[in-house]
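> Take this structure, written in structure tokens, and hold onto it; I'll ask about it next.
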Amino acid sequence: MNGRVWLVIGSTGRVGREVVRELSRRGEKVRVLVRSPERAAAFPPEVERVRGDLADVSTIV
Ligand SMILES: NC(=O)c1ccc[n+]([C@@H]2O[C@H](COP(=O)([O-])OP(=O)(O)OC[C@H]3O[C@@H](n4cnc5c(N)ncnc54)[C@H](OP(=O)(O)O)[C@@H]3O)[C@@H](O)[C@H]2O)c1
């Protein structure tokens, strides 16, 4: 374990979901920023979900 955590934004989209899948397959620690956590339901349980919307700064800081 190297302590590195990958933050994937856009993880529920066409590109992002493949990024999450490949990082998870490689055993990397992944955190996803999602507007709706239920849209991340298909990710492996070890993927950390963080709710946030880039269009709403109050959800990011
Ligand atoms: N697909 C391609 O072949 C391709 C090729 C070259 C470049 N790109 C670029 O790569 C990027 C992603 O493409 P994609 O095809 O994966 O897009 P996509 O399937 O439409 O997915 C967009 C992702 O961005 C998230 N998102 C949108 N607005 C957001 C916001 N305000 N805050 C947080 N997350 C937000 C969406 O989350 P929700 O689930 O909440 O909607 C979704 O996960 C785009 O900029 C696209 O132009 C794509």
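> Scanning the stretch 34-61 for residues that are in a helix (DSSP H, G or I) and among the aliphatic types (A, V, I, L, M), which turns out nearest to the chain's Cα centre (by Cα)?
This residue is Ala40.
> Any residue in the stretch 34-56 that's at pLDDT 90 or above: show its pairings with residues that are of a type in the set (Asp, Glu) at Cβ separation under 6 Å, as long as the two are six or more apart or on different chains.
Correct list of pairs: Arg35/Asp53.
> Please work out if Val30 is touching a strand residue (DSSP E or B) at 6+ places or on another chain (Cβ under 7 Å) and at pLDDT 95 or above.
yes
> Counting just the residues of the stretch 10-41 that are surrounded by 15 or more Cβ atoms within 10 Å (Cβ to Cβ) and among the β-branched types (Val, Ile, Thr), which one comes out nearest to Ile60 (Cα to Cα)?
Going through the qualifying residues, I end up with Val34.
> Scanning for something of a type outside the set (D, E, K, R), exposed (fewer than 10 other Cβ atoms within 10 Å of the Cβ) and near the ligand (Cβ under 8 Å from one of its atoms), does the stretch 42-56 turn up at least one residue?
Among the residues of the stretch 42-56, at least one is of a type outside the set (D, E, K, R), exposed (fewer than 10 other Cβ atoms within 10 Å of the Cβ) and near the ligand (Cβ under 8 Å from one of its atoms), which makes the answer yes.
> Moving to a separate point now. Say whether the condition of being in a loop (DSSP other than H, G, I, E, B) and in contact (Cβ under 8 Å) with a residue 12 or more places away in the chain is met by at least one residue in the stretch 10-19.
There is at least one residue in the stretch 10-19 that is in a loop (DSSP other than H, G, I, E, B) and in contact (Cβ under 8 Å) with a residue 12 or more places away in the chain.
The values are calculated or read from the model by the stated rules, or taken from the named source; none is laboratory data. Quick caveat: nothing in here was measured; it's all calculated off a predicted structure. Every residue, glycine as well, gets a Cβ built from its backbone with ideal geometry; the counts of neighbours run over all protein chains shown.
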